[in-house]
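Worksheet: one structure, shown below.
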Amino acid sequence: MIPLNETTIRNHLSKNAYALPIQFHLLETVDSTNRFIKEQLKCNTIDVCCAETQTQGRGRFGRHWHSPFGENIYCSIRQQIDADMPQLSGLSLVIGMAIHAALGPIATEHNIRIKWPNDLLWCSQKLSGILIEVISTQPGGYTDLVIGIGLNVNSTAHDEPRIDKPWCSLYDITSQRFNRNILIAQLIMEVERHLHQFISQGFASFLTQWQPIDYLYHQSITVTQPTGTLSGRAQGVNEAGLLVLVDDAGVQHELSSGDTSIRGAG
Ligand code: BTN
């Protein structure tokens, strides 16, 4: 196992002419990198926390994120962005596309796709998840947020198969082990590049990038929301990143959140 190493991450960033100031917090163990970074005092830098393991890694809907030591990426990026909350629908899709881009040719060659709103899947097995948390927001002003990324890298689902929630790693996909430090640098660069485009040009500028990697497109799906479930056919996303769903009665809905699954799968 190659440990997390700030010098290797910084060298890779400099090699790619990345110049924004970053403060790293690389930890052996932490309860949750998202929780840790939220408690740091905000400076004028991008804060990045990565850990070898998390004892209470958090997923969406209060789920647990399994975080074995030294194998995968558990990374939280804290950043203040020049946009307020109502403009942020579509952000999780943009971060999903940033992770997809950070994987480079692996993502396209192996047909890795994004399941709205923010899971990366390979052959219907989960490779990566995203947990975005807002720390504070000012109407018409800045939003201080944490982007938490869990990416399965060198662990293998053969050792710990889960029938209820099938998962996979980059090792399962490629039969190769990866240096996580290089991947973390790639993630940081792509998250910054995608955030910049999102803020300056909006979600609509990502529609052509989204369409070919949309896992749910034209599938018969169920969306679970706090108010109940909706079933129908997924018709892609609109210009704000909302999921377009035509229900079984032919009524069109545009959804901003929810847990999605393909009907009849699993
Ligand atoms: C999900 O798919 O439910 C989201 C999973 C997000 C997991 C990452 S790991 C790094 C960061 N710290 C956490 O506690 N959670 C996120």
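I need the peptides 95-102, 254-261, 138-145 ranked by packing, meaning the mean over residues of other C-beta atoms within 10 angstrom, with the highest value on top. Write out the running numbers ahead of the final one.
Working: 95-102: 23.6, 254-261: 15.9, 138-145: 13.4.
The peptides rank, most packed first, as 95-102, 254-261, 138-145.
Packing-wise, with mean Cβ within 10 Å as the measure, how do 57-66, 231-240 rank, highest first?
Details: 57-66: 15.1, 231-240: 17.3.
The most tightly packed comes first, giving 231-240, 57-66.
Can you bin the stretch 118-245 into rounded, prolate or oblate? Criterion: square roots of the alpha carbon gyration tensor eigenvalues sorted a ≥ b ≥ c, rounded for a/c under 1.5, prolate for a/b above b/c, oblate for the rest.
Values: a/c = 1.72, a/b = 1.16, b/c = 1.49.
Oblate, since a/c reaches 1.5 and b/c is not below a/b.
How much length is gained if the chain between Val246 and Lys165 is pulled fully straight, taking 0.36 nm per residue apart and subtracting their Cα-Cα distance, in nm to one decimal? Before the final figure, lay out the partial values.
Values: separation 81, 0.36 × 81 = 29.16 nm, distance 2.60 nm.
Full extension of this stretch gives 26.6 nm more.
Rounded if a/c is under 1.5, else prolate if a/b is larger than b/c, else oblate: which is the stretch 207-266, with a ≥ b ≥ c the root eigenvalues of its Cα gyration tensor?
Values: a/c = 1.56, a/b = 1.32, b/c = 1.19.
It is prolate, given that a/c is not under 1.5 and a/b is the larger ratio.
Shape call for the chain from the C-alpha gyration tensor, a ≥ b ≥ c root eigenvalues: rounded (a/c under 1.5), prolate (a/b greater than b/c) or oblate?
Working: a/c = 1.64, a/b = 1.24, b/c = 1.33.
In terms of gyration-tensor shape, oblate.
Using the Karplus curve 6.51 cos²θ - 1.76 cosθ + 1.60 with θ = phi - 60°, what ³J(HN,Hα) values do you get for each residue of the stretch 43-52, in whole Hz, with x for Gly and Pro?
Whole-Hz 3J(HN,Hα) from phi for the stretch 43-52: 10, 8, 10, 8, 9, 10, 10, 10, 9, 5.
Determine which aspartates and glutamates satisfy two conditions relative to Lys15: a Cα distance under 17 Å, and not lying fewer than 8 residues away in the same chain.
The reachable aspartates and glutamates, counting only those whose Cα sits under 17 Å from Lys15, are Glu6, Glu190, Glu192.
Place a label point 7 angstrom from the Cα of Asp82 along the Cα-to-Cβ direction, then list the residues of the stretch 197-219 whose backbone nitrogen is under 15 Å away.
Counting only backbone N, you get 197-202.
So for the stretch 48-167, what percent of the C-alpha to C-alpha distances run longer than 26 Å?
Working: 1560 of 7140 pairs.
Of all Cα-Cα distances in the stretch 48-167, 22 percent exceed 26 Å.
Using each residue's phi in the stretch 164-173, evaluate 6.51 cos²θ - 1.76 cosθ + 1.60 at θ = phi - 60° and report the 3J(HN,Hα) Karplus result to the nearest Hz, with x for Gly and Pro.
5, 10, x, 9, 8, 10, 4, 5, 4, 6
If amide hydrogens are placed 1.01 Å from N in the peptide plane, which non-local residues have theirs closer than 5 Å to the one on Trp167?
Residues meeting the amide H criterion: Lys126, Arg162.
Using 7 Å Cα-to-Cβ label points, what is the Lys42/Ile182 separation (nm, one decimal)?
Spacing of the two 7 Å Cα→Cβ label points: 3.6 nm.
Which of the chymotrypsin sites (Phe, Trp or Tyr not before Pro) across the stretch 12-45 are loop residues per DSSP, with 15 or fewer other Cβ within 10 Å? Don't skip to the end; give the middle numbers.
On the way: sites: Tyr18, Phe24, Phe36; in loops: Tyr18.
Counting only loop positions with at most 15 other Cβ atoms within 10 Å, the chymotrypsin sites (Phe, Trp or Tyr not before Pro) in the stretch 12-45 are Tyr18.
Could you tell me the calculated FRET efficiency between Phe61 and Ala17, based on Cβ-Cβ distance and R0 = 30 angstrom, to the nearest 0.05? Please list the in-between numbers first.
Working: r = 39 Å, r/R0 = 1.30.
Efficiency, from the Cβ-Cβ distance: 0.15.
Each reported figure results from applying straightforward, stated rules to the coordinates on display, with no laboratory input. Bear in mind that the values here come from a model prediction, so they are computed numbers and not experimental data. We place every Cβ from the backbone using ideal geometry, glycine too, and count neighbours over all the protein chains shown.
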